[in-house]
Amino acid sequence: MPAGECEWLSAAGHADDNTALCDLKFREIVRLEGSIDGIAPNSPVLALWDGTYLTGTYTPGRLALWGPDGKVIDVHGTGAGEGPGEFDFASSLVQTSGDEFFVFTGHHLVHKYSISDGSLRSFRVQAVGGVAGAVLMEGGH
């Protein structure tokens, strides 16, 4: 391939979209600044409606709340396990109101948390293969 050219690593989504990957421009929105010996962000990452961020961490059963400036505000989670509020690692996060969110673990447990009050309730979901996430529209629809 000649210098200055690039190629797609996968097929383009639309026939009219022929922008080469090397022509795309990205900009940093926020840098979540943690450390592996303290709290380091891990997936999943959820941008909350108030401009803060909620992420998984490398510590089992813990989530981190980050400010718009990328600094840790708080840590949530009751630790690793399979009891109420306990999980190993989050597979996805969904905000349900200004203060509440669901933690999906990829297993048969879903946890409802509050940023101000911590663990609220845990649900055992009947599913084949586990639960990976959900989408909730305003008003619960």
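Would you mind ranking Asp117, Asp99 so that the residue whose beta carbon has the fewest other beta carbons within 10 Å leads the list? Listing Asp117, Asp99 from fewest to most nearby Cβ atoms yields Asp117, Asp99.
With a 10 Å Cβ neighbour count serving as the proxy for reagent exposure, in which order, fewest first, do Lys71, Lys25 appear? Don't jump to the answer; show the numbers that get you there.
Values: Lys71 10, Lys25 4.
Ranked by crowding around the Cβ, least crowded first: Lys25, Lys71.
Applying both filters, DSSP loop and at most 15 other Cβ atoms within 10 Å, to the GluC sites (Glu not before Pro) of segment 42-126 gives Glu82.
Expressed as a rounded percentage, what relative contact order does segment 28-124 have, with Cα pairs under 8 Å and six or more residues apart? Intermediate results must be reported in sequence, preceding the final value.
Numbers: 227 pairs, mean separation 18.1, N = 97.
The normalised contact order for segment 28-124 reaches 19 percent.
Once each part is reduced to its C-alpha centroid, what is the distance from segment 29-73 to segment 105-126 in angstrom? Spelled out, the Cα-based centre of one part sits 18 Å from the other.
Applied to segment 80-87, the Karplus parametrisation 6.51 cos²θ - 1.76 cosθ + 1.60 on θ = phi - 60° returns per-residue 3J(HN,Hα) values of 6, x, 10, x, x, x, 9, 7 Hz, with x for Gly and Pro.
Listed from fewest to most Cβ neighbours within 10 Å, the set Val72, Val30, Val103 follows the order Val30, Val72, Val103.
Do any chymotrypsin sites (Phe, Trp or Tyr not before Pro) in segment 48-97 lie in a loop, going by DSSP, with at most 15 other beta-carbon atoms within 10 Å of their beta carbon, and if so which?
Working: sites: Trp49, Tyr53, Tyr58, Trp66, Phe87, Phe89; in loops: Trp49, Tyr58, Phe87, Phe89.
Within segment 48-97, the qualifying chymotrypsin sites (Phe, Trp or Tyr not before Pro) (loop, at most 15 other Cβ atoms within 10 Å) are Trp49, Tyr58.
Every number in this text was worked out from the coordinates using simple rules, so none of it is lab data. Quick caveat, the model's predicted, so the values are computed rather than measured. So basically every Cβ, Gly included, is an ideal-geometry build from the backbone, and we count neighbours across all protein chains shown.
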